[in-house]
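Accompanying notes for the structure given below.
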Amino acid sequence: SGSSGGTMASDSEAQRALQYEQTLMYGRYTQDLGTFAKDEAARLRLQEGDSPRPCRPSELLEYTQGRCAPCRVCALQCQRFLISKVGEDWVFLILLGLVMALVSWAMDFAIATCLQAQKWMYGGLDTNVLLQYMAWVTYPTVLITFSAGFTQILAPQAVGSGIPEMKTILRGVVLKEYLTLKTFVAKVIGLTCALGSGMPLGKEGPFVHIASMCAALLSRFLSLFGGFYENEARNIEMLAAACAVGVGCCFAAPIGGVLFSIEVTSTFFAVRNYWRGFFAATFSAFIFRVLAVWNKDEETITALFKTRFRLDFPFDLQELPAFAVIGIASGFGGALFVYLNRKIVQFMRRQKTINRFLMKKRLLFPALVTLIISTLTFPPGFGQFMAGQLTQKDTLVTLFDNQTWAKQGLSDEFEYLGILEAWRHPRSNVFVTLVVFILMKFWMSALATTIPVPCGAFMPVFIIGAAFGRLVGESMAAWFPDGIHTDSNIYRIVPGGYAVVGAAALSGAVTHTVSTAVIVFELTGQISHILPVMIAVILANAVAQSLQPSLYDSIIRIKKLPYLPELGWGHHEKYNVRVEDIMVRDIHYVTLNCKYRDLQQVLHSTKMKNLPLVESAESMILLGSIERAQVGALLSNQLSPHRRLLTLRQKVLSEDGHRLSDASIRFQISTETSSGTPARPALRKPLKPALKRVSSSPADSPPAGTTDHSGIALKSLFCANPTAEPTEVR
């Protein structure tokens with residue numbers, strides 16, 4: 001026993017020594033390999049030094065003559081250097097950011113012009129209310145109808161937000177016509193008209209789609225300079241950066257744009273794309289704001305909706321419960337918005353009579369919705385109770401105002417100036433106006449986002465959340481007119497801070513993102529309310545995610561896009577479900593060497609659009625899939641009359657009586673020329689030609705020259721060589 005124990009110990013020590021030697025061998029191998037590479041490179045350099053100097057390329061010879069020959073040669077080399085550098089990522093990202101900044105600024109200018117024209121028409125007809133109503137209603141109806149018709153004719157893929165489609169594309173699914181020039185033009189023009197109408201629609205989602213299309217088009221253009229832009233993995237990385245550019249140039253918020261794009265479009269994010277997103281989004285936001293300064297819209301580069309909250313004491317700790325209430329209520333409100341939006345779409349689809357009528361009159365639904373919303377927002381009418389004359393930008397500016405509009409519910413204690421006059425009504429206070437605004441805009445936005453035009457939902461939800469926060473802030477200011485600070489110093493409550501918290505919370509609840517907090521900070525230019533904003537956004541997400549999917553996942557389900565969403569709360573038991581528990585086992589498939597009869601049987605027994613192709617019925621190794629229509633087309637081509645005539649010609653021209661091996665497996669096509677029997681009547685379907693089995697025995701084989709022995713292999717349907725390995729029909 002002692003000797004055996006000593007032997008086992010020595011064996012274990014030998015194994016450890018062997019493992020140690022293997023690790024040392026691996027280390028020496030890698031070190032020697034590096035040394036060998038250095039020595040080899042040095043040897044090659046010495047050989048190049050000994051060799052004679054190569055001649056100038058032939059294309060440089062014409063530049064080496066004349067007085068300015070060195071300058072021309074240098075210019076040509078610089079040109080080649082720049083063309084080679086076009087492939088660098090930073091060049092592509094700069095071009096992407098520049099183009100998107102120009103597109104965003106041009107669209108904002110066109111939208112502002114359209115809205116100003118509506119105000120001019122409305123103000124010029126102040127002597128007649130009926131004419132004012134006609135102008136107020138007709139203008140947006142015409143723009144929305146044009147947007148819907150133009151988009152439907154040019155590129156129906158441009159309808160909607162675009163973020164659901166980008167989520168699907170970044171998962172590796174190819175969606176046809178979603179990243180083309182035609183869709184880009186339809187999206188830009190349609191979105192400009194839709195937002196210029198004044199409807200409660202947003203531009204953030206469509207801009208993500210526009211930036212992605214711009215990146216795809218730039219890749220195609222720059223592929224002329226080299227093949228590196230044809231790499232699919234590289235294009236996916238550039239699309240991920242483009243999503244950040246879309247949000248960054250829309251709100252001039254590069255940091256929030258990158259984080260929002262990651263949360264919205266990606267489940268797994270490659271860290272190597274992080275700098276690409278920040279670089280392109282920052283450059284795009286910078287150019288976007290520089291253009292505003294150049295157009296004299298701004299004096300310098302500032303925040304888009306700059307606020308002036310006090311910094312020494314922005315809020316009291318005792319106000320945190322109010323901010324938490326805003327977050328919880330926004331969570332329920334966001335889930336309700338997603339639910340209402342989905343139910344409106346499902347109602348329109350399930351009502352077959354309405355659906356059939358609207359399919360025939362495609363422009364009637366957007367025109368009708370626009371007419372209803374415009375009528376309700378008419379300022380002399382019901383719109384006077386909901387600040388109907390304000391645009392979305394003016395509404396957000398007034399809601400972020402740092403003054404208290406009303407105290408103790410009395411509206412005459414604050415002097416309304418400028419655009420703030422829209423919130424004042426002689427027969428009601430500001431609380432009634434805010435409540436009516438929230439309720440009306442809530443269902444209007446949920447309905448308007450179902451119109452078949454390029455539009456988003458982020459901005460309308462953002463404004464509704466700001467209005468709700470403003471309502472809570474005004475209530476707190478009326479409840480505590482002197483503030484709630486207990487020390488000798490008096491700090492009044494700032495309702496504008498509550499509006500900022502509400503905007504971030506509701507938009508975060510609808511989109512299931514936390515980065516809306518960062519977007520709010522960059523939009524307002526102040527970070528003083530970072531703690532209440534984060535508390536409200538996290539609580540809103542916790543409530544909304546437990547009730548409904550995000551708005552983008554809801555649209556994915558409605559459109560039935562090939563996307564697998566994340567499991568929500570309360571569904572953790574589904575993580576234990578295996579694929580074999582839900583997979584279909586008795587599926588029809590095509591083997592690599594299957595017979596013609598088997599293939600016909602598969603086509604007749606199933607209606608699947610794609611057929612799996614396996615190596616054999618025994619191994620069941622999946623080789624790929626083939627579309628049903630493609631199989632039919634290939635069979636029709638193989639058994640077409642043209643193919644028969646070609647076979648007959650080959651038989652006549654063949655003098656050596658060449659025939660395939662009797663052991664081979666083949667098809668024989670019966671024709672009137674090759675056999676004495678009359679041909680079967682022609683059938684309508686090309687997949688049912690007259691076929692006859694050829695016996696594999698020599699006795700049953702017809703003599704040479706009397707029958708056609710051209711075999712057609714099933715492999716030729718899936719391979720490039722049509723004459724390889726013929727198959728037998730049984």
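Pick from segment 360-396 the residues that are among the small types (Gly, Ala, Ser) and in a helix (DSSP H, G or I): which of them is nearest to Cys455 (Cα to Cα)?
Keep residues of segment 360-396 that are among the small types (Gly, Ala, Ser), which gives 367, 374, 381, 383, 387-388.
With in a helix (DSSP H, G or I) added as a condition, the list becomes 367, 374, 383.
Numbers: Ala367: 15, Ser374: 17, Gly383: 23 Å.
Across segment 360-396, the extreme among qualifying residues is Ala367.
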task = Take the residues in segment 451-466 that are of a type in the set (Val, Ile, Thr) and more than 18 Å from the chain's Cα centre (by Cα), then tell me which one is surrounded by the most Cβ atoms within 10 Å (Cβ to Cβ).
result = Val461
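For segment 420-432, name all the residues that are assigned to a helix (DSSP H, G or I) and surrounded by fewer than 20 Cβ atoms within 10 Å (Cβ to Cβ). So that I can check it myself, show each step before the final result.
Step one: list which residues in segment 420-432 are assigned to a helix (DSSP H, G or I), which gives 420-423, 430-432.
Leu420, Glu421, Phe431, Val432 - these are the residues of segment 420-432 that are assigned to a helix (DSSP H, G or I) and surrounded by fewer than 20 Cβ atoms within 10 Å (Cβ to Cβ).
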query = Quick one: Thr127 ticks every box in (1) without any contact (Cβ under 8 Å) to a residue 12 or more places away in the chain; (2) hydroxyl-bearing (Ser, Thr, Tyr); (3) in a helix (DSSP H, G or I) bar one, so which box is it?
reply = (3)
message = What pairs come out if I take residues in segment 502-513 that are on the phi > 0 side of the Ramachandran plot and pair them with residues that are at pLDDT below 90 and not polar (S, T, N, Q) whose C-beta lies under 8 Å away, six or more apart or interchain?
response = His512/Glu263; His512/Pro549; His512/Asp553
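List the helices (runs of 4 or more DSSP H) inside segment 249-359, counting only whole elements, that have at least 1 residues being surrounded by 13 or more Cβ atoms within 10 Å (Cβ to Cβ) and touching a Cys at 6+ places or on another chain (Cβ under 9 Å).
Working: elements: 254-265, 274-294, 320-350.
Qualifying helices (runs of 4 or more DSSP H): 254-265, 274-294.
Could you say whether any residue in segment 524-532 is closer than 30 Å to Leu420 by Cα, hydrophobic (A, V, I, L, M, F, W, C) and at pLDDT 85 or above?
So the first thing to find is which residues in segment 524-532 are closer than 30 Å to Leu420 by Cα, and the list is 524-532.
Narrowing further to those that are hydrophobic (A, V, I, L, M, F, W, C): 527, 530-531.
Adding the requirement that they be at pLDDT 85 or above leaves 530-531.
Yes.
Of a type outside the set (Asp, Glu) and part of a helix (DSSP H, G or I) - does that describe any residue in segment 169-178? Reasoning before the result, please.
Within segment 169-178, the subset of a type outside the set (Asp, Glu) is 169-176, 178.
Retained after the next criterion (residues that are part of a helix (DSSP H, G or I)): 169-170.
For segment 169-178, residues of a type outside the set (Asp, Glu) and part of a helix (DSSP H, G or I): present.
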request  = Confirm whether Leu340 is closer than 18 Å to Cys455 by Cα and free of Cβ contacts under 8 Å to residues at least 12 places away in the same chain.
outcome  = no
message = Quick check on this structure: which one of Ile484, Ile490 is at pLDDT below 85, of a type in the set (A, V, I, L, M, F, W, C), over 25 Å from Met534 (Cα atoms) and open to solvent by 20 Å² or more (accessible area, probe 1.4 Å)?
response = Ile490
inquiry  = Given the condition among the hydroxyl-bearing types (Ser, Thr, Tyr), more than 30 Å from Arg349 (Cα to Cα), part of a helix (DSSP H, G or I) and open to solvent by less than 10 Å² (accessible area, probe 1.4 Å), answer yes or no: does some residue in segment 433-444 qualify?
reply    = yes
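Given the structure, is Gly469 closer than 17 Å to Pro314 by Cβ and either touching a strand residue (DSSP E or B) at 6+ places or on another chain (Cβ under 9 Å) or buried (at least 20 other Cβ atoms within 10 Å of the Cβ) (or both)?
Working: closer than 17 Å to Pro314 by Cβ: yes; either touching a strand residue (DSSP E or B) at 6+ places or on another chain (Cβ under 9 Å) or buried (at least 20 other Cβ atoms within 10 Å of the Cβ) (or both): yes.
The answer is yes for Gly469.
The values are calculated or read from the model by the stated rules, or taken from the named source; none is laboratory data. Not measured: the values here are computed from a predicted model. Glycine also receives a Cβ, built like all others from the backbone with ideal geometry; neighbour counts cover every protein chain displayed. Accessible surface areas use protein heavy atoms only, side chains included; no ligands, DNA or RNA. Shrake-Rupley method; radii C 1.70, N 1.55, O 1.52, S 1.80 Å.
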